[in-house]
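The next block holds one structure in the form of structure tokens; read it before the comments.
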Amino acid sequence: MHIERTVPLRFQDVAVETETHVNLSAIHTDDRYLWIAGDETATVERLTCDDASRPGEYRYHVSFALGDFVRLPGGPDDEVDIEGMAHVGPYLWAVGSHSSKRKKLKSHHSDAKAAKRLATVSEEPSRRVLARLAIDQYTPVKSTSEGERSMALGEPGLFDLLGDDDHLAPFLRIPGKDNGLDVEGIAVHGDPGSESVFLGLRGPVLRGWAAVLQLSPREDGDELRLAEVAHGERYAKHFLDLDGLGVRDLCEHGEDLLILAGPSMDLDGPVRVYRWPGAARLEAPDVVHRSELHRVLDLPYGEGDDHAEGIALLPNDELLVVYDSPSAARLVERGTVLADVVPLPS
């Protein structure tokens, strides 16, 4: 794997104060613009590059609060944990992790307090978000002059529907970092009004098989509803052999899907990119064996840092890669973090 170059991402002070720039979890490129999100807020960020044909840096940071455009299941400032973004037609899509959370341990905690925190799990309903933002002049709006409207998925939501699922129901209340349900990528294919939405799951990984869910969100009044996908179901499940790894991000490439894969648990690596040929054309559940996937890249990772969390396509078949918990070498100055540009093999 060859890193072509690094690209500075320059954020305003508001992102530094919320530590968004060191908790990056989702990205999508769109001409000169980079849409980006962190996993500790309820905002999406927009950066602008200096050269759309070969970005050398992204700057001119603007932050947008999701709650200004769609109804959120939690409060306007509750953590949504955005883990994936995609832009198709006039819409920017964003998905929360839907995951539960276990309390973290700190070095100063007593043994008793540490054990108590390990037993404390919160369900985090504010993370159960699938939103479609109307975009006008590269800016989210409630509605455009052409009639496009920002909407979020209404009830029953995806989490509710999975409550009866044979494979996933047992994992709904297990924290994401413990191989519980954890949505960490989104890809959208098709024309507005007839989109197929793919959600990649970091967990659970079932006996080494990762899962991708396929949805058909459709407008219903002021909200989105899940239409039938196949066999009368409102979602389809695809199981993929990613060498025991879970999905960390998805990226559409023509009718293929690129899959950023990494450990489902809180481990450092390995981290790889796979190509899933023809995935965007799927209309029914599928089991995808290892021989049907192409392993195209192995990405670097650190020890306790530099965890690849998002990939996005650049011109000339290059991938932009951003990292959660960036190493000190990536934090070159206040508010600036370095992303990698990697050539995508044909």
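The values are calculated or read from the model by the stated rules, or taken from the named source; none is laboratory data. For clarity, every value in this text was computed on a predicted model and none was experimentally measured. Cβ atoms come from the backbone with ideal geometry, glycine included; neighbour counts cover every protein chain shown.
Values computed for the structure shown
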read-out: Number of positions in segment 13-30 that are touching a Ser or Thr at 6+ places or on another chain (Cβ under 9 Å) and crowded, with 17+ Cβ neighbours inside 10 Å; value: 6
read-out: Test: residue in segment 170-188 that is more than 23 Å from L72 (Cα to Cα), surrounded by fewer than 17 Cβ atoms within 10 Å (Cβ to Cβ) and charged (D, E, K, R); value: no
read-out: Residue, nearest to G310 (Cα to Cα), within segment 31-60, restricted to residues that are acidic (D, E) and surrounded by fewer than 18 Cβ atoms within 10 Å (Cβ to Cβ); value: E40
read-out: Any hit, segment 297-305, residues being of a type in the set (D, E) and assigned to a loop (DSSP other than H, G, I, E, B); value: yes
read-out: Criterion: closer than 21 Å to A210 by Cβ, acidic (D, E), under 22 Å from the mean Cα position of the chain (by Cα) and at pLDDT 95 or above - qualifying residue of D298, D286; value: D298
read-out: Pick from segment 112-136, criterion aliphatic (A, V, I, L, M) and in a strand (DSSP E or B), ranking: surrounded by the fewest Cβ atoms within 10 Å (Cβ to Cβ); value: V121
read-out: Segment 78-99 - residue that is crowded, with 24+ Cβ neighbours inside 10 Å and not small (G, A, S) and, of those, nearest to A42 (Cα to Cα); value: V80
read-out: Extreme residue, surrounded by the most Cβ atoms within 10 Å (Cβ to Cβ), among residues of segment 324-337 that are assigned to a strand (DSSP E or B) and at pLDDT below 95; value: D324
read-out: Pair list, Cβ < 8 Å and 6+ apart or interchain, from segment 241-258 residues that are more than 15 Å from R295 (Cβ to Cβ) and in a strand (DSSP E or B) to residues that are aromatic (F, W, Y) and modelled with pLDDT of 95 or more; value: L250/F198
read-out: Extreme residue, modelled with the lowest pLDDT, among residues of segment 100-111 that are in contact with a Leu (Cβ under 9 Å, 6 or more places away or on another chain) and surrounded by 15 or more Cβ atoms within 10 Å (Cβ to Cβ); value: K103
read-out: Residue within segment 228-240 that is out of contact with any Pro (no Cβ under 9 Å at 6 or more places or on another chain) and under 17 Å from N179 (Cα atoms) present; value: yes
